[in-house]
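Participant: Attaching a single structure in structure tokens format; questions to follow.
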Amino acid sequence: MANPVSVSKFEVKSHSEPDEVRKPERTLVEVVRLEGFTLGRFSFEPGWRWSDCVKPVVKTESCQASHVGYVVAGRLTVQMSDGTQKSLKVGDAYTIPPGHDAWVEGKERFVGIEVMSAEQYARPA
């Protein structure tokens, strides 16, 4: 069965030298663009909360990004607008639909690799 998505260019890029960086309060978004794909490394410091740190930048009531990613470090709790809440930990892969708040749990920085929302996440309104 053929793969419906394919690439034609062999590329290697590092998040240590990202194509774009965004730095809202306690937030670091490092964006790497490859042919047809954008990947983000999201780093949130202890005390980070979307509604405190990113909401003032994007000016929406809740996070409206769709997320698909993988947790590299730390813990993040996500609460959907309907009250549903889950915690993400190292080694977890996740999908999060629009309409949520989130916050870092504990004293360790949260680091996630995002494969869906990096192009628009934490971009000023």
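Participant: Can you name the condition, by its number, that THR60 falls short on among (1) at pLDDT 95 or above; (2) outside any helix (DSSP H, G or I); (3) in contact with a strand residue (DSSP E or B) (Cβ under 6 Å, 6 or more places away or on another chain); (4) under 24 Å from VAL21 (Cβ atoms)?
Facilitator: That leaves (3) as the condition not met.
Participant: If you don't mind, there's one more thing I want to ask. Check THR60 against each of (1) on the phi < 0 side of the Ramachandran plot; (2) open to solvent by 70 Å² or more (accessible area, probe 1.4 Å); (3) in contact (Cβ under 8 Å) with a residue 60 or more places away in the chain and name the one condition it does not meet.
Facilitator: (2)
Participant: Another question about this same structure. So how many residues does region 1-43 have that are part of a strand (DSSP E or B), among the aliphatic types (A, V, I, L, M) and open to solvent by 90 Å² or more (accessible area, probe 1.4 Å)? Give the derivation first.
Facilitator: Restricting attention to region 1-43, the residues satisfying the condition of being part of a strand (DSSP E or B) are 20-22, 27-34, 37-43.
Of the ones still in play, those that are also among the aliphatic types (A, V, I, L, M) are 21, 28-29, 31-32, 34, 39.
Then drop every residue that is not open to solvent by 90 Å² or more (accessible area, probe 1.4 Å), which leaves none.
The number of residues fulfilling the criteria is 0.
Participant: In the list ARG123, ARG109, ARG75, which residue meets the criterion of being among the basic types (Lys, Arg), open to solvent by 20 Å² or more (accessible area, probe 1.4 Å), in contact with an Asp or Glu (Cβ under 9 Å, 6 or more places away or on another chain) and under 18 Å from GLU25 (Cβ atoms)?
Facilitator: Working: ARG123 fails: in contact with an Asp or Glu (Cβ under 9 Å, 6 or more places away or on another chain); ARG75 fails: under 18 Å from GLU25 (Cβ atoms).
From the options ARG123, ARG109, ARG75, the qualifying one is ARG109.
Participant: Every residue in region 76-107 that is among the charged types (D, E, K, R) and not in a loop (DSSP other than H, G, I, E, B), please.
Facilitator: Across region 76-107, the qualifying residues are LYS86, ASP101, GLU105.
Participant: Hey, another quick one. Take the conditions in contact with a strand residue (DSSP E or B) (Cβ under 6 Å, 6 or more places away or on another chain), among the aliphatic types (A, V, I, L, M) and in contact (Cβ under 8 Å) with a residue 24 or more places away in the chain and apply them to LEU28. Does it pass?
Facilitator: Answer is no for this residue.
Participant: If the Cβ limit is 9 Å and pairs must be 6+ apart or interchain, which residue in region 83-99 that is exposed (fewer than 12 other Cβ atoms within 10 Å of the Cβ) pairs with which residue that is part of a loop (DSSP other than H, G, I, E, B)?
Facilitator: Within 9 Å, the pairs are THR95/SER66; THR95/MET116.
Participant: Could you list, in sequence order, all residues of region 37-55 that are in contact (Cβ under 8 Å) with a residue 60 or more places away in the chain and over 14 Å from the mean Cα position of the chain (by Cα)? Full working, then the answer.
Facilitator: So the first thing to find is which residues in region 37-55 are in contact (Cβ under 8 Å) with a residue 60 or more places away in the chain, and the list is 37-46, 48, 54.
Within region 37-55, PHE37, PRO46 qualify.
The values are calculated or read from the model by the stated rules, or taken from the named source; none is laboratory data. This structure is a prediction, so every number in the text was calculated from the model and none was measured. Positions of Cβ are generated from backbone atoms using ideal geometry, with glycine treated the same way; all protein chains shown enter the neighbour counts. Note: areas computed on protein heavy atoms with side chains; ligands, DNA, RNA excluded. Shrake-Rupley method; radii C 1.70, N 1.55, O 1.52, S 1.80 Å.
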